[in-house]
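Data first, discussion second: the structure below is written as structure tokens.
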Amino acid sequence: MIRILQQDNRITKIIFAVIIGLAVITMVITLVPGIFDNASADNASVFATVRAPGFFGRVAGESTPIKATEVTQLAQRQLQQQHLPDFLLPYMSQRAGQILVQRAILKHEADRLGLQVSDEDLKRELQTGPFAQYLFPNGQYIGDDAYMNFVQSAFQTSRAEFESQVKSDMELNRLQALITGGVTVSDNAVREAYKIQGTKVKFDYAVISADDIRKTINPTDAQLQDFFKQNAARYATAIPETRVIQYVAFDPSNLPGGKPQVSDADVQAFYNAHQEQFQVKEQVKVRHILISVPQGADAKTEAAAKAKAEDILKQIKAGGNFAELATKNSDDPGSKGQGGELGWLDRGKTVPEFDKAAFTLASGQTSDLIRTQFGFHILQVEDKKTAHLRPLSEVKGEIVPVLEQQKSGAAMQTFASQLAADAKKNGLEKAAAAHGLHVVTTDFLAKDGVIAGLADGAPMLTQAFAVAKGVDPAAVSTGDGFAVFQVKDIRPAHAPDFAAHRQHILDDYREQQVPQLLNAQLNKLHDRANVLNDLRKAAAEMNIAVKTSDLVGKDGQVPDLGAMSGPGAVAFSLPKGAISGPINAGRVGVVLSVVDKQEPSAEDIAAHFNQMREQLLGEQHEEVFRVYLGNLTEQYEKGGAVRYSKKQPAPGSSPFGN
């Protein structure tokens, strides 16, 4: 080896240099901690970074940062779309973060496979894809200005960002098509799937109610006493902690010196500092008549709609009443009942063609026909407002209450701090008396109690249950004012007296017994029905009512049993005349017997064959891609290709749920 390297050979020297270079790089990676850690690992503005896995991904691969703001924005959109409370934002942020990380992983993989989207590809997509109806109506480009207005109003983003996002979506769709392209569904699987989906059943069903069983459970006092003793740990804190609170409350009328006054100088200063609040945007007040044209309509349909709109326009120009013609002819259900009235509109809030006409016409003018993706419009401008700053004289009445509230709030907060300091020094009673206020002492209150006399006593209770008995008085907001309070006594959580808590203990005893008794009754009914081969006779012997369902499919609902996609779905797998096993549906138990069963005919299956195939293919594609994405994510994470910021929590769940 040494002799080879001693030779004056150019190729040998290159090989030698490469070997030494790789060795040095390897040593650096191995021996220098964090040298290839992402530079944003301590950056709170970055949620995570993603790069290609493996050695060369660390050395030369490009990394994709996932910004914390992007995660928060996506999480907030999901909260709004799903109508969830704001306190779930941290949980939704974890899910949103994982979605964006997995999207970045897919983008890296698509790039690796050469699935990038060219500018020509993008152009074709915009001309023929879902955005074509907005950007190329009737095959005609709407123009750069209208394009930018559309992107801004619809997506609140720039044209460049919009096109980048469309390209990214196209690339990921190519990747999904590549991964799932080989998925197939056999004809037999399609027929069997629709046979199950299209089957309808009618059945008798006997219902045993947990509530009815509960009423039959009547233990003796001795049994309840035993239950109480056996569950001592359960009842050890059944009576919650309570506290006595002493407080003095006040509102703006109790402030020393009276309620703060707002001067003209205060109003002027506020007006000068907040003029953006009093800016009036350019607006137009309009009526319109819409003669709609369905998407993808043929030339004949469009010509008929245009002819109808032209006829209405002629009537208007001949002196016809616009509002009456709108009520009679317009296809816009939101405005036709108001004579086509749309009210005041801001610039850029409607589709470009409509927007341009509305802000071009003068007050009182009527437009010619306007073609949009919705059809043909006739537009009448009723009034216009130019952009301007509302004068101080007009907005003073809005400013004064705001300043009064601010001044009162600040004064009350200052007074509350002074009162708390005085109470700490001289006691709450003396501090209150010095200002003409009186002290209130509550009864023992639980944390979820109500403090009479306060607009909002919840903040006081929350703080009072977070401090020790006798600590210094503290100030707290009460909704319409402030209060200074102190905890005077505490009664710890404790076990109840049996006699006083007997009804609660009885309720708990019954609830514990119900599931076992319900299952026992169900099994008895099922066994007897099988012996007699008759559900109705078995139910009659046990004095249980029997009901009969309608002929229902899997998307149906049955009283007591609920959705047929739930526990009752067993009915679809039974032959006519068969009796089911015990069905536990929560607060009821059911045994059913199939009275009638109608499977779809060969003609029905044939008619829905293609639709069923598409449904099954979609489900198979989703499952295959889900598995692929899970494996790919695991590969990237194990390969160190996903780095979460140390100041951001790593997501804890898949974006696809359970």
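The values are calculated or read from the model by the stated rules, or taken from the named source; none is laboratory data. Not measured: the values here are computed from a predicted model. Positions of Cβ are backbone-derived with ideal geometry, glycine not excepted, and every protein chain shown enters the neighbour counts. These accessible areas exclude ligands, DNA and RNA; they are computed on the full protein's heavy atoms, side chains included. Shrake-Rupley method; radii C 1.70, N 1.55, O 1.52, S 1.80 Å.
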Leading residue by the ranking (nearest to His388 (Cα to Cα)) among those in segment 233-254 that are of a type in the set (Gly, Ala, Ser) and open to solvent by less than 60 Å² (accessible area, probe 1.4 Å): Ala249
Which numbered condition Val440 fails, given (1) modelled with pLDDT of 95 or more; (2) in contact with a Pro (Cβ under 9 Å, 6 or more places away or on another chain): (2)
Residue in segment 132-146 that is at pLDDT 90 or above and either acidic (Asp, Glu) or open to solvent by 70 Å² or more (accessible area, probe 1.4 Å) (or both) present: no
One residue from Asp204, Asp211 being open to solvent by less than 50 Å² (accessible area, probe 1.4 Å), under 30 Å from Pro559 (Cβ atoms) and of a type in the set (Asp, Glu): Asp204
Pairs, first more than 25 Å from Lys385 (Cα to Cα) in segment 255-281, second in a helix (DSSP H, G or I) and of a type in the set (Lys, Arg), C-beta under 6 Å, six or more apart: Pro260/Lys407; Val267/Lys396
Single unsatisfied condition, Ala193 versus (1) out of contact with any strand residue (DSSP E or B) (no Cβ under 8 Å at 6 or more places or on another chain); (2) assigned to a loop (DSSP other than H, G, I, E, B): (2)
Residues (surrounded by 14 or more Cβ atoms within 10 Å (Cβ to Cβ), in contact (Cβ under 8 Å) with a residue 12 or more places away in the chain and either out of contact with any Lys or Arg (no Cβ under 6 Å at 6 or more places or on another chain) or β-branched (Val, Ile, Thr) (or both)) located in segment 625-644: Phe625, Tyr628, Leu629, Leu632, Thr633, Gln635, Tyr636, Gly639, Gly640, Val642, Arg643, Tyr644
The listed residue being at pLDDT 95 or above, hydrophobic (A, V, I, L, M, F, W, C) and touching a Lys or Arg at 6+ places or on another chain (Cβ under 8 Å), out of Val546, Val531, Val591: Val546
Any hit, segment 393-404, residues being open to solvent by less than 50 Å² (accessible area, probe 1.4 Å), farther than 30 Å from Tyr271 by Cα, of a type in the set (A, V, I, L, M, F, W, C) and modelled with pLDDT under 95: no
Segment 436-453, subset under 30 Å from Ala493 (Cβ atoms) and among the hydrophobic types (A, V, I, L, M, F, W, C), residue surrounded by the most Cβ atoms within 10 Å (Cβ to Cβ): Ile451
Residue count for segment 413-435, restricted to those that are touching a residue at least 60 places away in the same chain (Cβ under 8 Å), open to solvent by less than 70 Å² (accessible area, probe 1.4 Å) and not aromatic (Phe, Trp, Tyr): 7
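For every residue, the table says whether it meets (1) touching a residue at least 12 places away in the same chain (Cβ under 8 Å); (2) open to solvent by 30 Å² or more (accessible area, probe 1.4 Å); (3) among the aliphatic types (A, V, I, L, M).
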site: Pro85; (1), (2), (3): no, yes, no
site: Leu89; (1), (2), (3): yes, yes, yes
site: Ile105; (1), (2), (3): yes, no, yes
site: Leu113; (1), (2), (3): yes, yes, yes
site: Gln116; (1), (2), (3): yes, yes, no
site: Glu125; (1), (2), (3): yes, yes, no
site: Ser168; (1), (2), (3): yes, no, no
site: Glu171; (1), (2), (3): yes, no, no
Residues satisfying the stated conditions in segment 523-540, i.e. touching a residue at least 40 places away in the same chain (Cβ under 8 Å), assigned to a helix (DSSP H, G or I) and farther than 16 Å from Pro582 by Cβ: Arg536
Some residue of segment 504-527 being of a type outside the set (Val, Ile, Thr), in contact with a His (Cβ under 9 Å, 6 or more places away or on another chain), within 30 Å of Asp221 (Cβ to Cβ) and surrounded by 13 or more Cβ atoms within 10 Å (Cβ to Cβ): no
Criterion (aliphatic (A, V, I, L, M) and closer than 18 Å to Asp383 by Cβ) met by exactly one of Leu313, Leu345, Leu369: Leu345
Some residue of segment 180-190 being buried (at least 17 other Cβ atoms within 10 Å of the Cβ), within 33 Å of the chain's Cα centre (by Cα), within 30 Å of Ile583 (Cβ to Cβ) and touching a residue at least 40 places away in the same chain (Cβ under 8 Å): no
Matching residues in segment 320-336 - criterion: being open to solvent by less than 60 Å² (accessible area, probe 1.4 Å) and more than 14 Å from His377 (Cβ to Cβ): Gly320, Ala323
Hits in segment 158-173 - residues which are charged (D, E, K, R) and modelled with pLDDT under 90: Arg159, Glu161
Segment 541-563 - residue that is in a loop (DSSP other than H, G, I, E, B) and hydrophobic (A, V, I, L, M, F, W, C) and, of those, surrounded by the most Cβ atoms within 10 Å (Cβ to Cβ): Leu561
Any hit, segment 206-218, residues being free of Cβ contacts under 8 Å to residues at least 40 places away in the same chain and in contact with a helix residue (DSSP H, G or I) (Cβ under 7 Å, 6 or more places away or on another chain): no
Top-ranked residue of segment 566-588 - restricted to ones that are assigned to a helix (DSSP H, G or I) and under 16 Å from Thr199 (Cα atoms), ranked as modelled with the lowest pLDDT: Ser573
Filtered residue count, segment 287-337, keeping only those that are part of a helix (DSSP H, G or I), in contact (Cβ under 8 Å) with a residue 12 or more places away in the chain and among the polar types (S, T, N, Q): 2
Matching entry among Gly618, Gly581, Gly577 (being open to solvent by less than 80 Å² (accessible area, probe 1.4 Å), under 30 Å from Ala104 (Cβ atoms) and without any contact (Cβ under 8 Å) to a residue 60 or more places away in the chain): Gly618
Restricting segment 429-451 to residues that are hydrophobic (A, V, I, L, M, F, W, C), in contact with a helix residue (DSSP H, G or I) (Cβ under 8 Å, 6 or more places away or on another chain) and part of a loop (DSSP other than H, G, I, E, B), the residue that is nearest to Ala464 (Cα to Cα): Ile451
